[in-house]
Amino acid sequence: MTSVNRCPTAVVPIEEVERFEQELVSLFVLAKQRGRHFRAVKKELDTAGVKPAPDPDQIGATYHRRREIAAKGTANRQPAGKGIQVTYTYAQFKAAHRAGS
């Protein structure tokens with residue numbers, strides 16, 4: 001609970017955040033990395049059989065396992081001339097999600 005407003009607060013160790021970043025990528029961040037609209041990336045992932053993990057309805061966002069994206073051959077599909085960044089830092093991750101809100 002915070003002392004300011006007495007609201008419950010979840011504290012997540014930085015190691016867990018880093019593990020999460022290494023294992024999962026949000027649909028929004030993936031689309032931003034590829035320079036494409038998130039719906040186009042979602043369609044591509046759905047066609048390749050890459051399922052969200054965990055269930056988006058339970059957490060309110062769509063994340064995919066990086067290894068599954070790579071295994072299904074969708075890791076490097078992007079418009080010509082666009083680079084792909086494999087890993088975001090925690091600060092970039094937070095900024096990307098804040099920008100998408």
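The values are calculated or read from the model by the stated rules, or taken from the named source; none is laboratory data. As the structure is a computational prediction, the values presented were derived from the model and not from experiment. Here Cβ is always computed from backbone atoms with ideal geometry, including for glycine, and neighbour counts include all displayed protein chains.
Filtered by the rule that a residue be at pLDDT 90 or above and part of a helix (DSSP H, G or I), the range 44-69 gives E44, L45, D46, T47, A48, R66, R67, E68, I69. Output yes when any residue across the range 72-93 is part of a loop (DSSP other than H, G, I, E, B), at pLDDT 90 or above and surrounded by fewer than 17 Cβ atoms within 10 Å (Cβ to Cβ), and no when none is. No - not one qualifying residue is present in the range 72-93.
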